[in-house]
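Bear in mind these aren't lab numbers, they're just calculated from the coordinates by the rules spelled out. Since the structure is predicted, the reported quantities are computational estimates derived from the model, not experimental observations. Counting neighbours? That spans all protein chains shown, and the Cβs are built from the backbone with ideal geometry, glycine included.
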Amino acid sequence: MLKKFFILCSGADQSILKSCSNGEQNKYAGIGATVFFTALIASIAAGFALQMVFDNLILAIIFGVLWGLLIFNLDRFIVSTLKKRQSFLNELLQVIPRLILALIIAIVISKPLELKIFEKEINQVLLAQQNELTLKNQDQIANLFNPEIQILNSEIDLLKSEITTKSNETNALYNTYITEAEGTSGTNKLGKGPVYKEKRDKHDTALTELQDLKLSNSNKIATIESEIKQLKSTYKNQVTKTQPIIDNFGGLMARITALSTLPWLPSFFIFLLFLAIETAPIFSKLLAPKGEYDFKLEDEETAIKSLVNQRIYERLLIVKTDASINDKVYTDISTEEEFYQYKKKKARELMQIQADAFYRKQKTFL
C-alpha cells in the first residue's frame, strides 16, 4: 500500500509500471518518497514561517498544508515530465529549467527552518536591535520636547536671576544704612541721623520690591514648572505608547534580516541539504540508465505518435484528392453552353434589378 502511494507521488504511469520488474517499481517508489517527504518538510517550514507572521496556530497549519500540497504538485510535475532521451545533451537541456525551479523551491523551504533552528541566536540579535531601537525612539521623541523644555528652563533661570539681582541690591542698601549708623561709611558720624533714615527708607523700599518680585516670580516659576512637568508627562506617554511597536519587532522580515547578520556557513549547509533533497529525484532520473519503464513508455508514446501522424497524412491525402476532383468538375462545367446561358440570364436579371433600384433612388431626390 505504501509502495503504491509513493509510486503515485512519483508521477509515473502506474499501468505501465505494473508490468515492470520490482526493481523498477522500487526505483520510482524511492523517487516518490523523496517528493512526498520534501513536500512534508515544506509544509512544516511554511507552518513555522506563517506562525511568525499571523501568530495563529490554526492559520499556520492550514496555510502550511496548502503550501506543502503546492510544493508536492510542483515536485511531482518536475519529476514526471523528465523523460529519457537518445542524447544525454538533450536530457541535460530539459533538466536545466527544472533545476532552476528546484533551486528556488529549496531556498523557500530551507529559510523558515533556518529561522527555527537558529531561533535562540536570532532572538539575541533581535533583543540587541530592540534595545537600540528603544534608545533611538526615546531620543527622537525627546528631540520633540527638549527645545521647548530648554526655553522654559531658561525663563526660570532668568526669573531666578532677577530675584538674585534684586536681593543683592537690597543687601547692598542694608549694608549702606548699617555702616552709616555705625559711622564707618557715608557721613562717618555715629548714630541714626537724617542720612541714615534716608538710606534706611531706600532699603525698606527695595526690600518691599524684593518681596513682591519673589512672590511674582515664584508664581511664574510655578506655572512654568507645571508646563515642564506636563511636557515630561507627555514625553513619557509618547514613549509608552510607541514602545509596544518596538516590543513587537520580530516579524518574518526582521528575523530574516537578523539571520543574515549571523555566520553564513551553517545556513549555507542547511540550504545545500535541502537543495540536495530537492534535486535528488531529478539527478537520479538524469544519471540512471534507460530502464524497462522508460522503454515501455517510449514504445507507447511512439505508437500513439505514429498513429496520429498516419491519420494526419490520410486527412491531407483526402483533402488533396477532393481538391483535385473539384478542380476537374468545375473545369468541365465551365465548358458547358447550357450552364453559360443560364448564368448569363441570371446576371441580366440582376443588372435590371440594380438599374431599377438606382432609378427609384434618384427620383426621390428630385
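Under a point spin-label approximation (7 Å from Cα along Cα-to-Cβ), what is the residue 324-residue 117 distance to one decimal in nm?
7.2
Angle between the Cα long axis of helix 22-54 and the longest principal axis of the chain, 0 to 90 degrees, nearest 10?
Between helix and principal axis, roughly 30 degrees.
Return 63, 274 ranked ascending by Cβ neighbour count within 10 Å, so the fewest neighbours appear first.
By the 10 Å Cβ count, ascending: 63, 274.
Under Stokes-Einstein, with the Kirkwood radius over Cα pairs standing in for Rh, what whole-number D in µm²/s applies to region 3-135 at 37 °C and 0.692 mPa s?
D, rounded to a whole number, is 191 µm²/s.
Dividing the convex hull volume of the Cα atoms of region 308-365 by its residue count, what figure in Å³ per residue is obtained?
Convex hull volume per residue, Cα atoms: 110 Å³.
Could you work out the local net charge near residue 215, counting Lys and Arg as +1, Asp and Glu as -1, over the other residues with Cβ closer than 13 Å to its Cβ?
Counting the neighbours of residue 215, the net charge comes to 0.
What angle do you read, to the nearest 10 degrees and between 0 and 90, between the alpha-carbon axis of helix 292-334 and the longest principal axis of the chain?
Long axis of 292-334 versus the principal axis of the chain: about 60 degrees.
With the dipole of region 308-365 worked out from charges on the C-beta (+1 for Lys and Arg, -1 for Asp and Glu) around the Cα centre, which of 339, 316, 364 lies farthest toward the positive end?
Selected residue: 364.
Relative to the present Cα-Cα distance, how much length would full extension add between residue 227 and residue 298 at 0.36 nm per residue of separation?
16.7 nm
Would you mind checking the pairs 4/305; 285/305; 18/111; 3/290; 160/199; 160/232 and listing those with alpha carbons more than 32 angstrom apart?
18/111
In the chain, if the dipole is taken from +1 on Lys/Arg beta carbons and -1 on Asp/Glu beta carbons about the Cα centre, which of 168, 156, 262 is farthest to the positive end?
Value computed over the given set: 262.
Net charge near residue 231: determine it from the other residues with C-beta under 14 Å of the C-beta of residue 231, scoring Lys and Arg +1 and Asp and Glu -1.
Charge balance near residue 231 sits at -1.
Run the numbers on the chain and let me know its relative contact order in percent, using alpha-carbon pairs under 8 Å that are six or more apart.
Relative contact order comes out at 22 percent.
Computed from the coordinates I sent, percent of Cα pairs over 27 Å apart equals one of (1) 49; (2) 76; (3) 55. Tell me the label.
(2)
Mind jotting down the distance between the C-alpha centroids of region 1-41 and region 112-140, whole Å?
Here the two parts' Cα centres lie 45 Å apart.
What is the helix-to-structure angle for 337-365, meaning the angle in degrees between its Cα long axis and the longest Cα principal axis of the chain, kept from 0 to 90 and rounded to the nearest 10?
The helix 337-365 is inclined about 40 degrees to the chain.
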